[in-house]
Each structure stands twice: as C-alpha cells, then as structure tokens.
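Asks: Pasting in a structure now, in structure tokens, and then I'll have a few things to ask.
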C-alpha cells in the first residue's frame, strides 16, 4: 500500500529537494502546499498518511494549521523549521508532533522521523474499528469520517466519499440521479455514464456489498 505524504513548504527549492528525496524512497507526494489554507484542505479532503510542515510560512503559521488539522484528523506531523527559540519549540511540542527538524536537516534524520511516524500510525490503525458497523468486515468512523475494512482505512476519493456518505445517511432510501447530482455535482450537470462510473468504483471498494441497483430508478444502500 502506497504512503501518501503532504509537503507544506513555501521555499520552492527546499520543497523540490524533499519531494525528489521522498519519491526516490518510494513515497507518494499528495501535494506541495505553500500556505496553511491549502494544506488544511488537502489534509482534510485527501488521503494523507503524514505531513511535513514548515512552521513559518509567508503570512501563516504551521503550528496553528497543525492544531486545526488535528482537530479533524489525527495525522502524524513532522515540523521543519529554521527557528529554535524556546517559545516556538514549546508551541510545537504542544501539538504532539513526531519530530522537530531544523533546517538544513539531515536526510537520515528525516527518513528516521518518517519511519517512526508511519509505524505509530500503522500500530494505531491495525485495530481500528468504526463506531458504525456495516457488517463483519466493514465499519465507519463518524469522528474521522473514514471507511474501515478489517482494521484498515479504505482510501476513497473525494467524490467516492461524498457518494458513500450520501448512501450511509440515507439507508434504505432510493437515491436518484437528481439526489446524486445535487450532492456530488452541485455546480454542474453529470452524465449517466459519470454517475455509473462513480457508483461502480465505490461498489468495488465495498467488495460489491450494500449497494443495490433499481433499474431506471436509482440505488438503495442496505447494511448487512
């Protein structure tokens, strides 16, 4: 399973060096963000396993962004910074980061910090069970808004997750094309082919459970 890492760094040369190094290690880079607003949106809406967060970005603060992200998702974060003053360190430590690396940092230190962060996440996820049980394999965590299969989080795209939530919160109710369009494509029309493709992708990730097709009418989601 690929590991998705988000880089939050406004120095382009530093960001590209980190990206190149991590890609060579086999990691997937979700995005490179230069401000905390974009970082928050990526962290919340994308599948992110770990974040490399510069503390001082132009007109924004990585520590505040970390607090905001962690209020929604418990993603391991490694701070990168050129600042070592006591106040900054104390504020950073309060967010419980995996590591605090000062620039220019040693690549081996970064590699070790990433390994530690991912190992902690895997240990936590190995026994993850959501509070909403779908069947003996699937559950849903309403706090983190994650679909879980046998203790592991299922990677859903933004639209797949939106469709899943539409089904989950409207169980045993016919979901029509109009309902899907209003919820998932509110700003533009979708084609029947686009809707079928999205349902097919979600159905595959659900191991072809729960979603029932009602020809020419729509779909009904039923737990086992």
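Asks: What residue, among those in the range 1-17 that are at pLDDT 90 or above and closer than 19 Å to residue 47 by Cβ, is surrounded by the most Cβ atoms within 10 Å (Cβ to Cβ)?
Replies: My answer is 8.
Asks: Just to check your reading of the model, which residue among 73, 103 is in the same structural domain as residue 18 (by TED's automatic domain parsing) and modelled with pLDDT of 85 or more?
Replies: 73
Asks: For the range 4-33, which positions are over 14 Å from residue 51 (Cβ atoms) and either in contact with a strand residue (DSSP E or B) (Cβ under 7 Å, 6 or more places away or on another chain) or not in a loop (DSSP other than H, G, I, E, B) (or both)?
Replies: 10, 12, 13, 14, 16, 17, 20, 21, 23, 24, listed by residue number.
Yes or no, residue by residue, for (1) buried (at least 18 other Cβ atoms within 10 Å of the Cβ); (2) more than 14 Å from the chain's Cα centre (by Cα):
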site	(1), (2)
43	yes, no
55	yes, yes
67	no, yes
74	no, no
90	no, yes
97	yes, yes
103	no, yes
109	no, yes
112	no, yes
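Asks: For the range 58-81, indicate whether the set of residues that are more than 23 Å from residue 155 (Cα to Cα), part of a loop (DSSP other than H, G, I, E, B) and touching a strand residue (DSSP E or B) at 6+ places or on another chain (Cβ under 8 Å) is non-empty.
Replies: Looking through the range 58-81, none of the residues is more than 23 Å from residue 155 (Cα to Cα), part of a loop (DSSP other than H, G, I, E, B) and touching a strand residue (DSSP E or B) at 6+ places or on another chain (Cβ under 8 Å).
Asks: Follow-up. When you look at residue 176, is it modelled with pLDDT of 95 or more, surrounded by 12 or more Cβ atoms within 10 Å (Cβ to Cβ) and over 25 Å from residue 43 (Cβ atoms), yes or no?
Replies: yes
Asks: On to the next question. Look through 155, 143, 170 and report the one residue that is part of a loop (DSSP other than H, G, I, E, B), within 25 Å of residue 41 (Cβ to Cβ) and in contact with a helix residue (DSSP H, G or I) (Cβ under 9 Å, 6 or more places away or on another chain).
Replies: It is 155.
Asks: Which one is surrounded by the fewest Cβ atoms within 10 Å (Cβ to Cβ), of the residues in the range 126-151 that are within 14 Å of the chain's Cα centre (by Cα) and free of Cβ contacts under 8 Å to residues at least 60 places away in the same chain?
Replies: 143
The values are calculated or read from the model by the stated rules, or taken from the named source; none is laboratory data. Keep in mind it's a predicted model, so treat the numbers as computed, not measured. Counting neighbours? That spans all protein chains shown, and the Cβs are built from the backbone with ideal geometry, glycine included.
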